1. Which of the numbered conditions does residue 190 fail, given that it passes all the others? Conditions: (1) among the aliphatic types (A, V, I, L, M); (2) surrounded by fewer than 23 Cβ atoms within 10 Å (Cβ to Cβ); (3) within 16 Å of the ligand (Cβ to nearest atom).
2. Which pairs have Cβ atoms under 7 Å, sit 6 or more apart or on different chains, and link a residue in segment 206-217 that is over 12 Å from residue 182 (Cα atoms) and within 16 Å of the ligand (Cβ to nearest atom) to one that is part of a loop (DSSP other than H, G, I, E, B) and open to solvent by 10 Å² or more (accessible area, probe 1.4 Å)?
3. Looking at (1) away from the ligand (no atom under 16 Å from the Cβ); (2) under 19 Å from residue 74 (Cβ atoms), find the lone condition where residue 139 falls short.
4. Give all pairs with beta carbons closer than 7 Å in which a residue from segment 71-85 that is in a loop (DSSP other than H, G, I, E, B) meets a residue that is surrounded by fewer than 23 Cβ atoms within 10 Å (Cβ to Cβ) and of a type in the set (Ser, Thr, Tyr); count only pairs at least 6 apart in sequence or on separate chains.
5. Cβ-Cβ under 6 Å, sequence separation 6+ or interchain: first residue in segment 347-365 and more than 13 Å from residue 68 (Cα to Cα) and free of Cβ contacts under 8 Å to residues at least 40 places away in the same chain, partner basic (Lys, Arg) and open to solvent by less than 60 Å² (accessible area, probe 1.4 Å). Which pairs?
6. Does at least one position in segment 266-280 carry a residue that is within 16 Å of the ligand (Cβ to nearest atom) and touching a Ser or Thr at 6+ places or on another chain (Cβ under 9 Å)?
7. If you scan segment 257-291, which residues turn out to be open to solvent by 70 Å² or more (accessible area, probe 1.4 Å) and on the phi > 0 side of the Ramachandran plot?
8. Consider residue 346 against the criteria (1) farther than 20 Å from residue 270 by Cβ; (2) away from the ligand (no atom under 16 Å from the Cβ); (3) buried (at least 20 other Cβ atoms within 10 Å of the Cβ): it satisfies all of them except one. Which criterion is unmet?
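The values are calculated or read from the model by the stated rules, or taken from the named source; none is laboratory data. In this text, all values refer to a predicted model and were calculated from it rather than measured experimentally. Cβ sites come from the backbone with ideal geometry, for glycine too, and all protein chains shown count toward neighbours. For the accessible areas, the whole protein counts, side chains as well, though only heavy atoms, and no ligand, DNA or RNA atoms are used. Shrake-Rupley method; radii C 1.70, N 1.55, O 1.52, S 1.80 Å.
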Amino acid sequence: MDKIKSTSILLKGIRVYTENEIIENGYIKIKDNLIDEIGTTDRLGSIEDYEVLEIPSGYHVVPGFIDVHIHGVNGADTMDATKEALDTMVMALPKEGTTSFLATTITQEAEEIEKAIKNAGEYIEMQSGQGKAEILGIHLEGPFVNAKKAGAQPIQHIIDPNLELFKQWQALAKGTIKLVTLAPERPGGLEMVRYLKENGVIPSIGHTDATFEQVSEAIDAGANHVTHLYNQMRGLHHREPGVVGAAFLRDELKAEMIVDGVHVHPEMVNLAYKQKKSKGLLLITDSMRAKCLKNGTYDLGGQEVIVQDGKAVLGDGTLAGSILKLGHAVKNVLQYTGCTISEVIEMASVNPAKQLNVYNRKGSLAAGKDADIVILDDQMNVYMTFCRGEVAFNKEEEA
Ligand SMILES: [Zn+2]
């Protein structure tokens, strides 16, 4: 296949997963970065001016994946606070089917966080998102969390929720902080949840020791998201249902999950799927800079992380982010739960877009939306990725 450079592209003879149906032998017209038309190939009108792409039969054409929790990839991390680091991320992620994401920070001293969010805020303002993954905003993971559930969040920099500080940071980030992971049971927690909700930011319960009761209060205050379900939170107990019990029982909460087979046992993934169904879950990677690099020792928030055997761990064995690719999470969840491809699309594309309030332009294949498109081969591997109508990854060119 020659290099694709046209801005008017026709994909035909494809299986298209639209919002409401699966079209066999369908087509998609892409024009000026948007999806222009979707239909069945027998009703295809004029194809003049379009570069036609024949896709092998049996492949699946699905909406681009949206990762609301990713720190880094390919040697780069949001906390590097450089344009180059974010350039690396937006160029690397389409290989795994990710077409947009939240650049995620980690607990650090204020100065370091400020550099990272200022950098990301400026980057977001300048980006085109064409032929590269688009940064939809910032996920502020910490420092407003509970030291009892720090995980790989450096404990010495954890602080109680501080609304004044958050407001300064949101200004510094030019309003691009879209999601905050916090422990609602800490002093100031509920006040922050309320403020975030009122200001269009997702308050997410995470790195938290909250009881079921405390989570219920947080939901009343506006919390509607759970950061990496099961990991670094109060677990399920028959006398104290904890955060996990609340996540299972309360439909208001959408839950992120790291489906790499390491962070969460496959059967616990299946349990969450049975409880929350596909509409209640979001696949995330929580990946760090070592993803796509070889085994070795890397930095995460000023700590040494050893990457080996598909895991990233601190010296004491604590899991420290992942090296998971979202495309692999998609394959894993299909295998662990036996869900349908349409359901996995909900978890990887639809739900994150709805949570982030960008479903009007992303998260599904529909005319008028951004042409963020992933083509999966018959083994569900990422074959080609379009970001706003431009090819950002093409397996044929890699080989
Ligand atoms: Zn975390």
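1. It is condition (3) that residue 190 fails.
2. none
3. Failing condition for residue 139: (1).
4. 74/88; 75/88
5. Qualifying pairs under 6 Å: 361/369.
6. So far as segment 266-280 goes, no, none of its residues is within 16 Å of the ligand (Cβ to nearest atom) and touching a Ser or Thr at 6+ places or on another chain (Cβ under 9 Å).
7. Matches in segment 257-291: 277 only.
8. (1)
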